[in-house]
Every structure is written in C-alpha cells, then in structure tokens.
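Worksheet: one structure, shown below.
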Amino acid sequence: MKQLQRKNRVRALAVGALAVTGALALSACGSDDTSGGGGAASSAKAGNIKCEGKGKLLASGSSAQKNAMDAWVQAYSGACKDTSINYQPTGSGAGITTFLQGQTAFAGSDSALKPEEVEKSKKICKGGQAINLPMVGGPIAVGYNVPGVDSLVLDAPTLAKIFDSEITKWNDEAIKKLNPDAKLPDLKIQAFHRSDDSGTTDNFTKYLKGAAPDAWKHEPAKTWEGKGGQAASGSAGVSSQVKQTSGAISYFELSYATAGKINTVKLNTGAKAPVEATVDNASKAIAEAKQVGQGSDLALKLNYTTKAEDAYPITLVTYEIACDKGNKAETLPATKSFLTYISSKDGQNSLKELGYAPLPTEIADKVRSAVSALS
Amino acid sequence: MNSAPSISSAPPPSAPPASSVSGKAVRPGDRIFLGLSRGSGIALLVIMAAIAAFLTVRSVIAISGDHANFLTYFEWNTSGPEPKFGIAVLAFGTVVSSVIAMFIAVPVAVGIALFISHYAPRRLASPLGYVIDLLAAVPSIIYGLWGALFLVPHLTGLFSWLDDYFGWTGIFSYADGAPRALFTVGILLAIMILPIVTSVSREVFLQAPKMHEEAALALGATRWEVIRMSVLPFGRSGVISASMLGLGRALGETMAVATVLSPSFLINVSLLNPGGGTFAQNIASKFSEADEFGQDALIASGLVLFVITLLVNGAARMIIARRKEYSGANA
C-alpha cells in the first residue's frame with residue numbers, strides 16, 4: 001500500500017514537473033525572439049518564404065492547431081521581420097466569433113462553417129464570403145490502460161458501445177472476438193470523455209456516427225452526449241486520467257499518446273490488417289475525403305467507412321477561415337503570404353514531427369490555388 | 001457587523017440643516033465631496049443596471065430559442081438546429097456542493113475563530129490568524145491543482161469508509177472509480193471558504209462585550225459556559241453573515257470545481273459518484289467553443305446563478321435582521 005502511495009506521489013510530481021517544463025517550453029516558443037531560434041530546420045525553409053505586407057496579423061481559433069501554428073509562426077517571422085503574427089488558441093467557437101466581428105485576419109476552426117455563419121460572413125467580406133481552407137490534419141488516437149494488454153484491436157461498433165456504456169467489462173465477448181490472443185482481464189471499463197466542448201469530441205463522434213450508426217445513436221456534437229463514463233477537462237486532462245486509471249480508455253490527439261507513452265487502439269476498418277493511429281495513416285484517410293464546399297470553399301467530408309489499406313479514419317481536419325473576396329486591404333498581403341507558406345510543401349512537411357498529418361497532394365494543390373485567389 | 005446598515009439607514013440629520021441654519025454658503029470642499037460621492041453612487045446604480053440589462057437581453061434571446069424547458073431539462077446542447085438545454089443539473093450541483101461546503105466549513109471555522117479569540121495564547125493567536133488569512137490569498141487554480149493531484153487520489157479511503165457504514169442511505173454509496181464527485185468539490189470548497197468565515201467570525205467574537213464575559217466569570221462559569229452564554233449568542237448574526245460571504249464564494253467558484261469534478265448532465269443521488277456540475281464550472285468549460293447562441297445560453301445560466309445568489313443573500317439578511325437584539329449595535 002505504502003509502495004503504491006509513494007508511486008502515486010512520484011507520478012503526481014512528474015505530472016507537475018511536466019506541466020511546469022511544458023509551460024516554460026511553450027512560453028519560449030511564444031517569445032518574440034526570432035533570431036534563428038528555430039534552429040536548422042526553420043532557417044533551411046526560410047529561403048522559400050515570400051514575404052509580403054507589413055505589420056501585425058491577428059488570428060485566433062482552434063487550440064488543436066496551436067502547436068502547428070507556433071512552429072509556422074516561428075519559421076515565418078524568422079524570415080519576414082516586418083510581419084508579426086499573433087495566433088490566439090482560444091477555441092474554434094471563439095475564433096469564428098471574433099473573425100465574424102472583423103477583428104482577426106483569419107480564424108482557425110476544427111469544423112467547417114455552418115451555413116448561417118457563412119451568411120453572416122458576407123457582412124465582413126465585402127462582395128465575398130468566408131471559405132474553409134483545410135490546413136492541418138491529424139489522427140485522434142484512442143488510448144487505453146489495461147494491465148497486461150499491449151496490443152488491442154477494436155472496431156467502430158465496439159468503440160461506440162464502450163463509450164456509450166453498453167460494454168462495461170474488458171473481457172466482454174465483443175472485445176474478445178476482436179482480440180483472440182490477448183489476455184483480457186475481468187476489469188471495469190472506465191471510459192473518459194471531454195468535459196469541455198471540443199472539436200476533438202465533435203470529430204470523434206462524427207466518426208462513431210459515420211462508421212457505426214446502429215451502435216451510436218447520438219448526434220455528433222462538440223458537447224459529449226454519450227451515456228455514463230467520466231469526464232475530464234482538455235486533451236491533457238483525459239490523457240492523464242487514462243495514465244492514472246487502470247481500465248481507462250479515452251480519445252485525444254496522437255501527440256498526447258506519444259508524450260504520455262499511452263497504448264493506442266488499432267482499428268479494424270475492414271482492411272486486411274488493423275490500422276494503427278499514425279501520422280501517415282491519417283494522411284491516407286484524408287486523401288479519401290470528398291470536397292463538399294462550393295467553388296473555392298474546400299470544406300471536406302471524411303470517408304469514415306473507408307476500407308483502404310492503412311487509412312486511419314478517426315482523423316480531425318482543421319481549417320483556416322478567411323474571406324475569398326473582400327479581405328481587409330491592410331492585412332491581405334501578409335495573410336496571403338503566410339497562408340501560402342503554411343500550405344506549401346515545406347510548411348506541410350514540417351508538421352510531421354509535431355504529430356500532425358500533412359495534407360495529401362491533391363488537396364494541398366487545391367488549397368494553394370484557393371489561397372492565391374484570395375482578394 | 002450590523003452597525004454599518006443601521007447608521008446608513010438612519011436619515012443624516014446633521015448635514016443639510018448645518019448649512020441652512022448657519023446661513024453661510026457651502027464651502028467648495030463640501031460641494032466637491034458631495035458631487036463625488038453622489039456621482040459614485042449613481043455610477044454604481046448605472047453599472048448594475050447595465051449589467052442586469054445585458055444579462056437579461058441575451059438571456060431572453062437564449063431562452064426563447066430553447067426547444068426544451070430551461071428550468072427542468074437535463075441536458076446542455078446549444079449547437080444544432082434544435083438547441084435543447086436546461087439548468088436543472090447545474091442548479092442541483094451548485095446548491096448541493098455549496099451546502100456540503102458549508103456543513104464542513106462553518107463548524108471548523110467557528111472552532112478556529114473561538115480558539116484564536118478566547119483560548120490561544122497571544123503568541124500563537126496572531127500568527128495563526130495570519131496563516132488563515134493567507135489561505136484566502138491562494139488563487140483558486142492552485143486549489144484546483146492541489147485538489148486534482150493530491151486530494152482526489154487520497155479520498156478513495158474516506159469514500160469507501162463512508163460507503164461501508166453509510167452506503168445504505170443511498171447518498172453515500174460509492175462505486176469504484178476516481179473520486180471526482182460533488183462531495184469532493186464540497187470538501188475543496190470548504191477549504192477555500194474557511195479563511196473568510198474564520199476571520200469575520202474571529203472579529204465578531206473579539207467584540208463580544210467584556211462586561212458580559214467578566215460577569216459570567218464572576219458568577220463562577222467555566223470558560224466554555226462563558227462562550228456559550230455570552231460570546232456565541234452575541235456573535236451569531238456575525239457568524240451567519242460570515243457564512244453567507246463564504247457561501248457566495250462557494251456558489252461562484254469556477255476553476256477549482258472544473259479541475260476536480262467529473263461533470264455530466266445527470267443528477268446522481270449518490271454524492272460520491274462522479275456526475276453533476278455547477279453553473280460556474282459549466283460556463284468555464286463550454287464558453288470557448290460556444291457559438292454566439294451558445295454564449296447566450298451560458299449567459300442565461302449565469303443569470304440564474306445571479307438570482308440564486310440574490311435569494312441566498314436576501315434570506316441571510318432576513319435571518320440577521322430577526323436577531324438584531326444580539327447585534328453589536330445594541331450591545
């Protein structure tokens with residue numbers, strides 16, 4: 001018992017230390033020190049950045065893209081000394097609201113604009129409307145903590161039933177069938193979901209609804225609507241609960257699983273082999289997506305029932321939202337130049353090491369031509 | 001405690017006659033001061049009215065767009081074509097967690113206050129007072145982190161014990177799992193409101209008339225009897241006001257609750273199982289991702305919290321007014 005307590009204490013200390021060092025590291029990124037702080041990687045790319053425009057570029061929105069934005073902003077402002085970019089990760093909802101009030105040059109969002117939001121945007125975009133530009137993709141990993149189980153395969157209906165409290169034990173028949181070789185314990189499943197509204201929840205429930213409509217009866221939403229389970233705040237909150245709690249399972253961006261050394265579920269999608277949550281596999285799933293936006297609006301609809309080899313369908317695509325016509329004259333050159341950089345090959349490839357999935361070539365090409373047409 | 005309202009409620013008899021009787025012109029200093037204080041008073045009213053108007057307007061937008069009963073519905077879904085949301089769970093969670101906090105904090109706070117004012121040696125009393133006051137200065141997010149990383153893992157034992165002996169009540173039944181429940185919130189809130197209740201109570205107890213205490217001692221009363229017969233009756237209204245101040249903080253606490261609780265839109269009879277939620281926690285966790293209508297809905301829930309706080313404070317004022325004979329003003 002004492003041993004256990006001590007272990008917990010060490011763990012708590014570790015979490016605290018991690019939080020402190022994390023905060024320090026992040027604040028280091030956010031500082032204005034752009035004198036080659038990015039090291040070799042960013043300075044090598046700097047050659048391909050075309051600087052245009054001057055002054056301050058304000059943007060806000062999705063916190064899921066925060067790490068990508070930090071890296072991009074650092075590389076970009078290292079090359080373009082005249083422009084300073086300020087991206088506030090306030091959340092998609094707040095990002096869209098401030099964009100529609102005309103306070104920011106572009107917004108980041110985990111989901112595409114709703115029709116009524118597009119309608120509202122016509123006030124801000126004189127002669128045009130807001131469009132969605134897919135920019136950052138990434139796998140949502142399903143992490144679990146089951147003693148003695150290092151590899152776990154699940155499929156969409158089973159996942160839906162687990163998160164809806166219909167399957168409550170780890171040695172349930174449905175899980176056994178998918179994992180004939182694993183030693184599944186007689187342990188209660190503790191399913192954790194987000195307590196705050198979140199684009200991750202939205203995308204995860206879209207997957208459950210899209211891939212297992214019979215098992216998941218709730219409508220996809222940013223607010224969690226499943227039955228039972230426990231909640232924690234933020235991806236950091238749910239992933240640390242999974243680490244602490246035996247029998248826990250939850251969903252979060254892949255980087256949290258990597259950072260916390262949490263085992264992730266392999267998905268049985270109907271492909272030959274179960275698909276692991278990796279950056280490359282997410283890119284393959286995004287390539288299966290269909291464009292649902294009109295014209296230069298590139299809103300995507302992911303194909304959640306894909307059976308393509310190595311395509312991991314629980315992915316999240318976040319957008320940058322800007323006006324197709326009628327952007328503010330003073331910020332347009334800088335906006336265009338920054339968006340051109342982040343959608344370029346260099347910009348996209350620098351995402352991989354951060355746990356994000358680069359856009360597939362075909363979609364990236366469309367994004368680039370949409371960006372160059374902004375006016 | 002009550003001297004302030006009783007002074008202010010009495011008409012100020014001296015100021016206006018003084019100037020008119022003497023016949024002299026009012027000196028500029030007086031006029032400036034009058035203008036300043038009147039201006040501040042009016043500004044306060046205007047600000048309050050503006051806040052109330054803002055809250056009401058946006059709440060009306062939200063409530064008229066609600067496709068469920070705002071007061072009794074058990075879910076919070078503001079996006080989607082037919083938004084449905086209700087405050088039943090939030091009202092329950094807010095009131096219950098605050099009541100738990102009061103049950104734990106008030107007796108302890110009164111004990112500490114009595115110890116500081118009547119039992120402790122001088123050398124111990126004032127440092128102890130400072131330490132208690134220092135507790136009030138700790139930011140609530142720190143309490144939240146402490147609660148999540150230390151308190152929650154250490155509550156499993158207490159919760160299983162409560163389940164063993166009081167599980168039959170239903171209120172204290174505990175299924176395994178992380179103890180991130182309303183009761184945990186209550187314990188954390190109790191610690192957070194302790195300093196304010198303690199320091200106000202201590203001040204009141206110190207003001208208990210020395211003559212009463214000495215008279216009781218002269219009659220041969222023990223120290224406990226002195227406290228029971230003269231200090232406690234005298235301090236009762238003060239303790240009630242102090243508790244209300246604490247309750248105000250408990251009702252509105254945001255970050256600490258959001259870090260410790262595992263919220264859900266279900267009313268769980270057992271206080272030891274995860275679930276429930278509070279107004280402030282719900283607003284904090286949903287605001288950043290809410291669209292404009294979602295924000296209106298959250299503002300409407302904030303208005304309800306505002307009303308609950310007003311009702312609680314009104315009730316407290318009535319209780320205090322009924323016990324006026326013991327208050328410091330009449331001693």
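The values are calculated or read from the model by the stated rules, or taken from the named source; none is laboratory data. Keep in mind that what you see is a predicted model, and the values were worked out from it rather than measured. Methodologically, a virtual Cβ is constructed for each residue, glycine included, from the backbone with ideal geometry; neighbour enumeration extends over all protein chains shown. Remember, those area values only see protein heavy atoms, side chains included, never the ligands or the DNA or RNA. Shrake-Rupley method; radii C 1.70, N 1.55, O 1.52, S 1.80 Å.
A few comments on the model shown:
- So A:Lys222, is it among the basic types (Lys, Arg), within 14 Å of another protein chain (Cβ to nearest Cβ) and in contact with a Lys or Arg (Cβ under 9 Å, 6 or more places away or on another chain): yes
- Where B:Ala215 falls short, out of the listed (1) of a type in the set (Gly, Ala, Ser); (2) open to solvent by less than 20 Å² (accessible area, probe 1.4 Å); (3) away from chain A (no Cβ under 14 Å): (2)
- Every residue from region A:143-182 that is touching a Lys or Arg at 6+ places or on another chain (Cβ under 9 Å) and either in a strand (DSSP E or B) or not assigned by the TED database to the domain that holds A:Gln244 (or both): A:Gly143, A:Asn145, A:Val153, A:Leu154, A:Lys169
- Residues in region B:181-236 that are within 30 Å of the chain's Cα centre (by Cα) and assigned to a helix (DSSP H, G or I): 37 in all.
- Reported count of residues in region A:225-250, each being facing chain B (nearest Cβ under 8 Å) and over 26 Å from B:Ile283 (Cβ atoms), is 2.
- Counting the residues of region B:37-92 that are within 14 Å of chain A (Cβ to nearest Cβ), under 16 Å from B:Gly302 (Cβ atoms) and touching a residue at least 40 places away in the same chain (Cβ under 8 Å) gives 6.
- Among residues of region B:183-197 that are within 11 Å of B:Val108 (Cα to Cα), those with a beta-carbon under 7 Å from a residue that is of a type in the set (Asp, Glu) at least six positions away or on a different chain give the pairs B:Pro195/B:Asp133.
- Scan region A:79-110 for residues that are within 17 Å of B:Glu292 (Cα to Cα), of a type in the set (Gly, Ala, Ser) and open to solvent by 20 Å² or more (accessible area, probe 1.4 Å) and the total you get is 1.
- Scanning region B:244-281 for residues that are within 13 Å of chain A (Cβ to nearest Cβ), farther than 28 Å from B:Trp168 by Cβ and crowded, with 22+ Cβ neighbours inside 10 Å turns up B:Ala256, B:Val257, B:Ala258, B:Thr259, B:Gln281.
- Single residue of region B:135-151 satisfying the filter (open to solvent by 60 Å² or more (accessible area, probe 1.4 Å) and either touching a Pro at 6+ places or on another chain (Cβ under 6 Å) or in contact (Cβ under 8 Å) with a residue 60 or more places away in the chain (or both)) that is farthest from B:Leu271 (Cα to Cα): B:Ile141
- Listed by first and then second residue, the pairs linking a residue in region A:271-300 that is on the phi > 0 side of the Ramachandran plot to a residue that is surrounded by 20 or more Cβ atoms within 10 Å (Cβ to Cβ), with Cβ atoms under 9 Å apart and 6 or more places separating them unless they lie on different chains, are A:Gly295/A:Ile131; A:Gly295/A:Asp324; A:Gly295/A:Ala370.
- Sole exception among (1) at pLDDT 90 or above; (2) over 17 Å from A:Ser62 (Cβ atoms); (3) within 11 Å of chain B (Cβ to nearest Cβ) for A:Tyr76, by number: (3)
- Number of positions in region B:152-177 that are part of a helix (DSSP H, G or I), crowded, with 19+ Cβ neighbours inside 10 Å and within 14 Å of chain A (Cβ to nearest Cβ): 1
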